Amino acid sequence: MDDGEDPVSALLARAVGRYRSGEISLAADLFRQTLALESFNAVASHQLGLIAFAQGDAGAAVGLLQRAVEADPGNAEYRNNMGVVLDAIGERVSARGAFERALALDASFAQAANNLGSVLEKLGDPPAAIESYHRALAVDPAFVEARDNLVLACAKSAPPWHFPMMSDRPRNAAYAAALARAAPGRRVLDIGAGSGLLAMIAARAGASGVTTCEMVPAVAARAAAVIAANGFAEQVKLSARRSTELEIGRDLEQRAEVLVTEIFASGVLSEEILPTLEDARERLLTPDAAIIPRRAAAVGYLIGGPAIEAQLFAPSWAGFDLAPFDQLAPLKLGLHLDRLPHQPMSEDFEIFGFDLTQDRFTAERRTLTVRATTSGRCAGVAQWLRLDLDAEARYDNRPRRDAGPNGWMHVLYRFPRVIDLAAGEAVELLASHNRTALTVTLSH
Ligand SMILES: C[S@@+](CC[C@H](N)C(=O)[O-])C[C@H]1O[C@@H](n2cnc3c(N)ncnc32)[C@H](O)[C@@H]1O
């Protein structure tokens, strides 16, 4: 001990030294001796708390960290570590409080902001979690863990197709054209707000009122921000709910006279457009409400080409036959065909068309006879989406080389085997849907 140095400081210095050199049990002894001399020593309590936690004794860790916090209430690191331990033992609300306190003490504490984001996700508040990860990254843009957490949280809430979808000018224009005809003076319901774009288009077109709903909380929070930023907060009412949970009198004043929606999956049905429309028709719309789009269809052509076969079938290579792996092959694969070389092998044909103004939709199964327009090896059917917004406005995402950004993929339906076709030869296909998914294959 240096002359004049007090015994507590000397013990602490030795303890910290041992701790840093990895001699944890010696360090723990010295920290305990420190506490024996000064029972409210913050550093010793904190370090012993961390050691207890690392050794699996979270209960002791909480007690020790609590003493550290009481001894030094202005220390953000102690609060943050307390939050980590509380989170680990499932005390999520208290953990959130500890992280919030750490951030109140030190607004630039990136680790605490990241930890807060993580506990907010566990507490079921993705919008606040995403905000917290952004906060961590604003302080430290290269904070890998916060970036990964943000990537995952955004992917869970908002699939990346939202972005090219918003930039799909033909799609937006087709909806805007139909809304310009249908919305003026009418009450509009928009199912699936996303960014709020369609609801704002309806409002700007002169709707007497617009209600929109969004079932993903983080997306709803962004829609609210977008709608407010564009000055439509008065005209557009947003409910952060699934459409099936909307109620007249709470979310809508009266039944809507126009329904606009864009909840179409690449394979048309899997975002549950049909059950959603049945529910809306029954509970939320006037009997003669206009539906935008009024018709949706899955359209396709026979497809072949080496790049397509490579996506769907295991090859032979250098004398190795990999075909047994085909048991795991994708029967249905979403990809962008716009710039993927491939051979259309038939005229376009409609696989299924849906009159969206109907009250009820039933599962269907049909056979289709399609004639090959070219000879060659055919691997399956390529499918895209066609929407008739109203009698005049139509949109489709048929594969085209000059396609701009759009959110939908094309869907490849794989045949059980590659077939050789001669031009003019007929192929019999079997198509079916169960209201929420659609498939097409060779009929035999
Ligand atoms: C394809 S995006 C369209 C967004 C926006 N309407 C547009 O066209 O730019 C569909 C959005 O609807 C939401 N959604 C899907 N089904 C819904 C439902 N039944 N009720 C509320 N939101 C729904 C999804 O979470 C997603 O954000």
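Placing unit charges on the Cβ atoms of the charged side chains and taking the dipole of the chain about its Cα centre, the candidate lying farthest along the positive direction among Ala318, Tyr301, Pro127 is Tyr301.
Based on the Stokes-Einstein relation at 20 °C and a viscosity of 1.002 mPa s, and on the Kirkwood radius from alpha carbon pairs, region 296-444 is assigned a translational diffusion coefficient of 131 µm²/s. Amide H to amide H, with H built 1.01 Å from N, Ser375 comes under 5 Å of Ala423, counting only residues 5 or more places away or on other chains.
For n ≥ 4 DSSP H runs only, could you compute -39500 (n - 2.57) per run for the chain, divide by its residues and tell me the 222 nm figure to the nearest 500?
Value at 222 nm, helices only: -12500 deg cm²/dmol.
In a reduced charge model with +1 at each Lys and Arg Cβ and -1 at each Asp and Glu Cβ, region 162-262 shows a dipole moment near 180 debye about its Cα centre. Could you give the alpha-carbon Rg of region 352-409 over 2.2 N^0.38 Å, rounded to two decimals? After normalising by residue count via 2.2 N^0.38 Å, the value is 1.49.
Compute the separation of the alpha-carbon centres of region 383-397 and region 140-195 and state it in Å as a whole number. Spelled out, the Cα-based centre of one part sits 19 Å from the other. Magnitude of the charge dipole for region 295-442, about its Cα centre and with charges confined to Cβ atoms of Lys, Arg (+1) and Asp, Glu (-1), is about 220 debye.
The C-alpha atoms of the chain occupy a region whose extents along the principal axes are 102, 70, 35 Å, arranged from largest to smallest. Here region 1-133 is treated with +1 on each Lys and Arg Cβ and -1 on each Asp and Glu Cβ, and its dipole about the Cα centre works out to around 340 debye. In region 162-262, the C-alpha radius of gyration followed by the widest Cα-Cα span (Dmax) gives 12.3, 35 angstrom. Taking the centroid of alpha carbons for each part, region 220-276 and region 120-139 are 25 Å apart. When DSSP beta bridges are restricted to pairs lying wholly in the chain, around 75% turn out antiparallel. Comparing Arg101, Arg241, Arg14 in a Gaussian network model of the chain where C-alpha atoms under 10 Å apart are linked, the largest mean-square fluctuation is found at Arg14. Just checking the listed ones, Ser346, Ser375, Ser157: in the Gaussian network model of the chain with Cα springs under 10 Å, the one fluctuating most is Ser375.
Bear in mind that the values in this text are calculations on the coordinates, not laboratory data. Keep in mind the model is a prediction, meaning the values are calculated, not measured. Cβ: placed from backbone, ideal geometry, glycine included. Neighbour counts: every protein chain shown.
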